[in-house]
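Working notes for the structure below.
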Amino acid sequence: MSAEMEVTAPIRRERSAPKPWQMGKVVELIDETPETRSLRILVPEPSPYTPGQYYNVRLPIEGKPRPIQRAYSLGSSPFPDPSVIEMGIREISDGLISPILVRQIRVGDEIEVRGPFGSFTWTEELGGPVLLVGAGSGVVPLMAMIRYQVEKGTSHKMHLLFSSKSREFVIYREELERLEAKYDWLEVSHTFTRDSQDPAARFHRRIDKDMLAEVSSLFNPKVAYICGPPEVVEGAEEILLELGLPRESVFTEKYD
Ligand SMILES: Cc1cc2nc3c(=O)[nH]c(=O)nc-3n(C[C@H](O)[C@H](O)[C@H](O)COP(=O)(O)OP(=O)(O)OC[C@H]3O[C@@H](n4cnc5c(N)ncnc54)[C@H](O)[C@@H]3O)c2cc1C
């Protein structure tokens, strides 16, 4: 788990020069699940970004000498409009920043953001079929890839294997249902780890080798993107390599 990170300590080592902090304006809040909220933020000087990238957020915290920053993936498509970014944030109840973003921020508030960062990215040039593996809020950057393909009008096969506690904790549930019904290229397989009955899920356990083998056999992925807690990401990555995907075709983002 991440310790408190102050503004002078970068979350990730970046190759490019540091990007400036900007005051983003919260323009919309969407309650996704009991513990997850999407924040849509208008960025005054937006940079182009690629689906899968993240922004940093920093907030002043009482008793702390400097603002505290965290990284949040973007769930929005950068195309056609990169100026309103969307973050999907799950509340860690004893965390410092996420409870404020999920429970206290209101429409019209201004918060400091900077980005984009990261190399966990997909665009149509990489082609498909694409296996997307997400656990909890790890679905956020994968949703950006799906939404981007919708906006671009391309149709590379994408299969999302999405692990959630149960149906009510499925982030973007209605939108995923709608998109899956509309686009032949999208298929979603849910696995519920705390509901062994719900037929809305294809699987009812944690992501494992049999599950990844079954999903992979359906459409023979060329590339895979895995995002979520470090232990889930590392486990799924190892399995996909064992199943024969080349290392350079497996991309990971760990929410540590
Ligand atoms: C690239 C990237 C993208 C991310 N994208 C998302 C996203 O899209 N959505 C999302 O919800 N999250 C995302 N995260 C995770 C996010 O950055 C935060 O880590 C998360 O929101 C928790 O922050 P917090 O301040 O609420 O909790 P923290 O204050 O960081 O606490 C988190 C946990 O660690 C424990 N902890 C804190 N300090 C210590 C310590 N010193 N020793 C031991 N334990 C400690 C706390 O008790 C708590 O359980 C991403 C992370 C990365 C690296």
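We did not get these values from a lab; they are worked out from the coordinates using the rules stated. For clarity, every value in this text was computed on a predicted model and none was experimentally measured. Cβ sites come from the backbone with ideal geometry, for glycine too, and all protein chains shown count toward neighbours.
The table below gives the values:
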item: For a label point 7 Å along the Cα-to-beta-carbon line of H204, residues of segment 132-170 with backbone N under 18 Å; result: 162-170
item: Largest-first ellipsoid semi-axes for segment 124-254, taking √(5λ) over the Cα gyration tensor eigenvalues, angstrom; result: 20, 19, 13
item: Protection proxy ranking, peptides 210-216, 83-89, 169-175, average beta carbon neighbours within 10 Å, highest first; result: 83-89, 169-175, 210-216
item: Point-to-point label distance, E125-S83, nm (Cα→Cβ direction, 7 Å offset); result: 2.6
item: Against the rule of thumb 2.2 N^0.38 Å, how large the Cα Rg of segment 113-185 comes out; result: 1.13
item: Gyration tensor verdict on segment 94-145 (Cα atoms; rounded if a/c is under 1.5, prolate if a/b is larger than b/c, oblate otherwise); result: prolate
item: Positive dipole terminus of segment 22-117, leading residue within G63, S83, G52 (C-beta point charges); result: G63
item: Net length gained if the chain between D184 and E151 were fully extended (0.36 nm per residue, minus Cα distance); result: 10.4 nm
item: Extension reserve of the E174-K25 stretch, reckoned as 0.36 nm per residue once the Cα distance is removed; result: 51.0 nm
item: Selection from Q197, A224, M211 lying farthest towards where the dipole of segment 181-241 points positive, charges on Cβ; result: Q197
item: Cα-projected label distance for K222 with S93, points at 7 Å along beta-carbon direction, nm; result: 4.5
item: Top positive-direction residue, dipole computed over the chain with Cβ charges, set V130, S119, L186; result: S119
item: DSSP-defined beta bridges in the chain - what % are antiparallel, rounded to 5; result: 55
item: Net charge dipole size for the chain [Lys, Arg +1 and Asp, Glu -1 on Cβ; Debye, nearest 20]; result: 380
item: Debye log10 I(q)/I(0) for the chain, one point scatterer per Cα, at q = 0.15 Å⁻¹; result: -1.09
item: Sites matching GluC sites (Glu not before Pro) across segment 19-74 that sit in DSSP coil, with at most 10 neighbouring C-beta atoms within 10 Å; result: E62
item: Relative packing of peptides 69-76, 47-54 - highest average C-beta neighbours within 10 Å first; result: 69-76, 47-54
item: Relative contact order [Cα under 8 Å, 6+ residues apart], the chain, whole percent; result: 18
item: Candidates P199, P65, P44, ranked by Gaussian network fluctuation over the chain, Cα under 10 Å, top entry; result: P65
item: Within segment 89-128, trypsin sites (Lys or Arg not before Pro) in DSSP loop having at most 14 other beta-carbon neighbours inside 10 Å; result: R106
item: Gyration tensor over alpha-carbon atoms, segment 66-124, equivalent ellipsoid semi-axes in Å; result: 23, 14, 12
